[in-house]
1. Is it possible to state the helix-based mean residue ellipticity at 222 nm for the chain, with each DSSP H run of 4+ residues giving -39500 (n - 2.57), the sum divided by total residues, to the nearest 500 deg cm²/dmol? What is it?
2. Does anyone have the angle between helix 4-17 and the longest principal axis of the chain? Alpha-carbon axes, 0 to 90°, nearest 10?
3. Run the simple label-point estimate for Glu25 and Phe57 please: 7 Å along Cα→C-beta, distance reported in nm.
4. Would you work out which of Leu42, Ile28, Val18 lies farthest towards the positive end of the dipole of the chain, given +1 charges on the beta-carbon of Lys and Arg and -1 on that of Asp and Glu, about the Cα centre?
5. For Arg12 and Met36, what does the FRET efficiency come to when R0 = 35 Å and r is the distance between their Cβ atoms, rounded to the nearest 0.05?
6. Could you order the peptides 48-59, 14-25 from most to least packed, using the average number of other C-beta atoms within 10 Å per residue?
7. If you line up the long axis of helix 23-60 against the longest principal axis of the chain, both from Cα atoms, how many degrees apart are they, to the nearest 10?
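Values in this text are rule-based calculations from the coordinates and carry no lab data. Note that the structure is predicted; figures quoted are calculated from it, not measured. As a convention, Cβ positions derive from the backbone with ideal geometry for all residues, glycine included, and neighbour counts pool all protein chains shown.
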Amino acid sequence: MANPFNFLQEVRAEANKVTWPTRRETLITTGLVALMVFMAALFFVSVDQVIRLGIQFILSFGR
């Protein structure tokens with residue numbers, strides 16, 4: 001392996017090649033992720049409630 005100083009120089013050179021997102025792109029992406037999380041949560045809560053009601057209906061025949 002090369003010496004640590006040379007390794008750090010190469011790491012820095014590679015990091016400079018990265019195209020970092022702008023602040024606006026980061027905010028838009030974060031907002032879209034938050035929206036998708038909210039929509040997924042609503043979907044799973046809805047499905048859970050439908051399944052719960054269905055199971056309660058089926059189990060009510062046994063009473």
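1. -29500 deg cm²/dmol
2. Approximately 60 degrees, to the nearest ten.
3. In this crude spin-label approximation the distance works out to 4.9 nm.
4. About the Cα centre, the residue reaching furthest to the positive side is Leu42.
5. For R0 = 35 Å, the calculated efficiency reads 0.50.
6. So the order, starting with the most tightly packed, is 48-59, 14-25.
7. Once rounded, the angle reads 20 degrees.
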